[in-house]
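Asks: Before I ask anything, let me first share the structure, which is written out below as structure tokens.
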Amino acid sequence: MSETRRLPRHVGIIMDGNGRWAQSHGRPRLDGHRAGADSVRDITRASRQLGIEALTLYAFSSQNWARPAEEVAGLMQLLREFLIDERSEILDNQIRLEAIGDVEKLPPMVKEPLDELRAASAHHTGMTLTLALSYGGRESIVRAVRDIARDAAAGTLRPEDLDVDRLTGYLPTAKLPPLDLLIRTSGEQRISNFMLWEIAYAELVFTDVLWPEFRREHLHTCLDEYAARERRFGLTSAQLASDLDPP
């Protein structure tokens, strides 16, 4: 691991593999989610210590509501416990907690500590930890388009003024740095409706490690792979080289 490597400003993680981890250990699925919460703590701490500006975690998708009621209830309880248990860690380390998704669907037992911690950390200037809760990338874009349509109908936005930057401003991630690196654990190689707009020029890293086993050494491996890549943003290598040449 190089200490001078190029770090991403914004890392997103699809935390996958809790169920398979539990199955491989002969334990209930909820035990896998509980073990996964330990990984959240370690990766959040490691990211902050590295100086990463923003970490966005896919914690609960809009489709996860369709899971068995017992599992959903267990996940909500784990989320509540995480928000309460990590409150001091977040506040003491100047972490700003945010959430994206249809959070109004969350039960009060989760939404109340979530809202309280978001408000308590709103002024923090350290790393931004964003939890994607009841979240779907397509749904996020649809909500943005609805807001755009309302503004256009109200006469506060002209259609000809709509561009990529303007649309981005309507998304819940608008205040975050552009997504640089997306990591998915467990060996699956798909996006699963996560940050579909934001992923446009992100680097994707897929690892076979199941989320409950993912620790900071695995994060460093992903960061090394990111640093070794050439980010072109639609340009050629020659164009990038010429941009770096002194005048």
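Asks: Given L97, P212, G126, which one lies farthest toward the positive end of the charge dipole of the chain, if we put +1 on the Cβ of every Lys and Arg and -1 on the Cβ of every Asp and Glu?
Replies: Among L97, P212, G126, the one farthest towards the positive end of the dipole of the chain is P212.
Asks: Counting alpha carbon pairs within less than 8 Å and at least 6 residues apart, what relative contact order, in whole percent, applies to the chain?
Replies: Numbers: 359 pairs, mean separation 71.0, N = 247.
So the answer I get is 29 percent.
Asks: OK, next. Across the stretch 161-173, in residue order, what do the Karplus-derived ³J(HN,Hα) couplings come to in whole Hz, using 6.51 cos²θ - 1.76 cosθ + 1.60 with θ = phi - 60° and x for Gly and Pro?
Replies: Karplus values, whole Hz, x for Gly and Pro: 8, 7, 9, 4, 5, 5, 5, 4, x, 8, 7, x, 8.
Asks: Now for a different question. Provide the descending list of Cα extents for the stretch 1-118 along its principal axes, expressed in whole angstroms.
Replies: Taking the Cα atoms of the stretch 1-118, the three principal extents are 46, 36, 24 Å.
Asks: Candidates (1) 20.8; (2) 17.8; (3) 19.4; which is the computed Kirkwood radius over Cα pairs in Å?
Replies: Answer by label: (3).
Asks: Oh, and also: Expressed in nm to one decimal, what extension gain is obtained for the pair R143 and Q77 from 0.36 nm per residue of sequence separation less their Cα-Cα distance?
Replies: On the way: separation 66, 0.36 × 66 = 23.76 nm, distance 2.77 nm.
Computed gain between R143 and Q77 is 21.0 nm.
Asks: Can you give the extra length, in nm with one decimal, that the chain gains between E116 and E188 once fully stretched, where that is 0.36 nm per residue apart less the Cα-Cα distance? Numbers along the way, then the final one.
Replies: On the way: separation 72, 0.36 × 72 = 25.92 nm, distance 3.47 nm.
Fully extending the segment from E116 to E188 adds 22.5 nm.
Asks: Quick one: dipole size for the stretch 1-121, taken about the Cα centre, charges +1 on Lys/Arg Cβ and -1 on Asp/Glu Cβ, in debye to the nearest 20. Kindly include the intermediate steps, with their values, before the conclusion.
Replies: Details: 17 positive and 19 negative charges, 78 e Å.
Around 380 debye, computed over the stretch 1-121.
Read-outs throughout are calculated quantities, based only on the coordinates presented, and are distinct from any laboratory measurement. Bear in mind that the values here come from a model prediction, so they are computed numbers and not experimental data. Note: ideal-geometry Cβ built from the backbone for every residue, glycine included; neighbour counts use all protein chains shown.
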